[in-house]
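A quick write-up on the structure given underneath.
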Amino acid sequence: MPSVAQWVGTPSVKGSSESMRMALLTASLIGLQITWNVEMTYCTPYLLELGLTKSRISLVWVAGPLSGLIMQPIVGVIADRSTSRYGRRRPFMVGCTILTSLFLLLLGWTKEVVSWFASDKETVKNATIVLAVFSIYGIDFAINAVQGSCRGLIIDTLPIPKQQAGSSWASRMVAVGSLIGYGAGALKLEAVFGTLLGDTQFKQLTVVAAFCLCLTVGLTSWAVTERVLIGHDSEEKLGAIKVLTDLGKSTLGLPASIKAICHVQFWAWIGWFPFLFYSTTWVGEVYLRYDAPASAKTSNDMTGQVGRVGSLALIGFSIITFIMSVLLPFVVKSPEGEEPPFTARPPAKIATFVQRAGQLKPSLLTAWTISHAVFAGAMCLAPFVQSLCSATLIIGVCGISWAISCWAPFAFLGVEINRLSSTPSYIPLGRNSIELDAPSTLHLDQPDFEQQSTGEGSGKYLGIMNVYTTLPQFVGTGISFVVFSLLEPGKSPELSDAPEEEHHSTEGVNAISVCLFIGAVCAVVAAFTTVRLGKIAKY
C-alpha cells in the first residue's frame, strides 16, 4: 500500500496582484537563462580560440545532456521527499546557484588560475583547456539542479487552472533572460564597466551572469513560501539505489499522456540542440566569411567579436520570443482540464463576436505542432545562407517556435501531474486570481485524496521529462561530431592562432548549417508526434 504524504503549511507567493505573484514565482528563470545564454553564446568560440576543433567541442557539450540526465531526475526525486523546513525546492535552488556562480567565475579566469601553478607555455595551454572543460561540466551539473527545482516550484505552487498561465509566465521570463543575456553579449562591456569586472568580454559576462543568477533565484526564494513535507506514514530510507529504482520504475510505467509529451520533447530537442549550442558561432562565421571588413579579422579579442555579432542576431530572436510569449496565451486555448468552470459573460452587443473569436482560437496542441513546422522551415534554409542579414532573419523567425517550446510541454505536463495528484473533490479556481494567499488549510493528518492538488511527484516527472530532453542531446552530439569530423576536421581559421596548415577549409557548405538542417528533419518528426499526443490525451 503506498505511503500517504503528510504536510504542514500552505503555499503562497508575495505580491498584491496576480501578475506580481506570477512574476516573482518565475523570476529565477531570468537568471537561469542568462547563464545558459552566456555558456551557449561564448563557450564554443572560447574553446575554439583555445585550440580545440569543432568535433572535440561537440564532445565537450556532452556535459549538458549528461548533467541533465543525472542531476534533474535524482535531485527531483530527493527533493520530492525532502522534509526541510524551508521547503522541498528552495534549498536546492539556493545551494546549487552558489555552486554555479563559482564555476562561472572559474571559467572566466581559467588562464589566470592556471598561471598560478604553471609557467611553461604548452603546459599552461593544455591545463587551461582542461580547466575550462571542467568548469563547463561544473556549471552544467549545478545549473541543471537549479533548473529542475525552479520548474518544480512552479508546478508545486500553482493549481491546475493556473498551470498554463504559470508556464506562459515562465516562457516570458526565459525570453527576458535571453534578451538581457544576448543584449549584454552584444554590448562592448569594457566601455560600460572598464576593467572592473575583467579585461575581456567573456570574463565580464561570467560576472554579470553569476550576479543575475544569484539575484533572481534569491528573489524567488524570498517571495515563495512552500508547504513543508513532514514525512510519510510508512517512511522508507531514501538511498541511491532507492532513488534509481524509483526513477526506473516510474520511467517504464509512465502514464500514456506523459509518455507522449516526452516523445515530442525527444524529437524536438534533437532539432534544438545544434541551434542552441552553435547558432551564435554559425552567425559569427557567416559574418567573418562573407561580410566582415579586413580590420575585423585582426581583432585581439576574436571570442568577443564573434560573440557580439552572434548575440546581436539573437537579440531579435529574444525579442520575438518575448512578444510571442506575451501575446500567444491570449489567442491560444488552454489544454482541457485547465479551463475554469465558468466563463465571464461579455456585454450583449459583442457577445456574438466574442463567442466566434473564441471558437477560432487554436488549441495549445495545434500551436505546438505549428511551431515545429516553423522551426523546420527556417532551419532548412541554413545551408544556403551567405549573408549576416539572412542568418539574422532565420534566427529571428525561430523565436516564434522557441516561445511555444518553453511553454507548451510544461503546461501539458503540469496538467497531467496535477490530475494524477488531485481528486474529484478538487474545485477549480478562477482565472483572475492565483488564490495562493488564502488556500484551504492543509492539516497534518489530512490524506492526499482530500487535498486539492499536492504536486507530489512533480520533481520526479519533471526529471523524467528532462531525461527525454537530454537523451536527444546525446544524439545531437553524435550527429555534430560526425558532421564536423567530415566537413571541418581542423582548427578554426577565424579563431585559433594555430598554424595555417592545421586550420580546416572554409570552402563548401558550413558544417554547423548541415547540423541545423538535420535538426529541421527531426522537428518535422516532432510535429507528427505532437499530433499523436492529441489523440492519446484527447486535448
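Quick notes on this structure:
- Matching option when the condition is assigned to a loop (DSSP other than H, G, I, E, B) and surrounded by fewer than 24 Cβ atoms within 10 Å (Cβ to Cβ), among SER84, SER55: SER84
- Candidates SER149, SER168, SER119, SER178 - the one that is among the hydroxyl-bearing types (Ser, Thr, Tyr) and open to solvent by 10 Å² or more (accessible area, probe 1.4 Å): SER119
- Residues of region 182-219 that turn out to be open to solvent by 30 Å² or more (accessible area, probe 1.4 Å), part of a helix (DSSP H, G or I) and of a type in the set (D, E, K, R), as a count: 1
- Restricting ALA63, ALA142 to those that are within 30 Å of LYS249 (Cα to Cα) and touching a Cys at 6+ places or on another chain (Cβ under 6 Å) reduces the list to ALA142.
- Extreme residue, modelled with the lowest pLDDT, among residues of region 246-303 that are assigned to a loop (DSSP other than H, G, I, E, B) and open to solvent by 50 Å² or more (accessible area, probe 1.4 Å): ASN300
- Of the listed requirements (1) more than 18 Å from TRP222 (Cβ to Cβ); (2) surrounded by fewer than 24 Cβ atoms within 10 Å (Cβ to Cβ), LEU24 misses just one: (1).
- Residues in region 395-420 that are among the aromatic types (Phe, Trp, Tyr) and open to solvent by less than 10 Å² (accessible area, probe 1.4 Å): TRP407, PHE412.
- The set of residues from region 377-416 being closer than 16 Å to VAL525 by Cβ, out of contact with any Ser or Thr (no Cβ under 9 Å at 6 or more places or on another chain) and either small (Gly, Ala, Ser) or not in a helix (DSSP H, G or I) (or both) comprises just one member, GLY377.
The values are calculated or read from the model by the stated rules, or taken from the named source; none is laboratory data. As the structure is a prediction and not an experimental result, all values here were calculated from the model. We place every Cβ from the backbone using ideal geometry, glycine too, and count neighbours over all the protein chains shown. The area values use the complete protein model at the heavy-atom level, side chains included, leaving out ligands, DNA and RNA. Shrake-Rupley method; radii C 1.70, N 1.55, O 1.52, S 1.80 Å.
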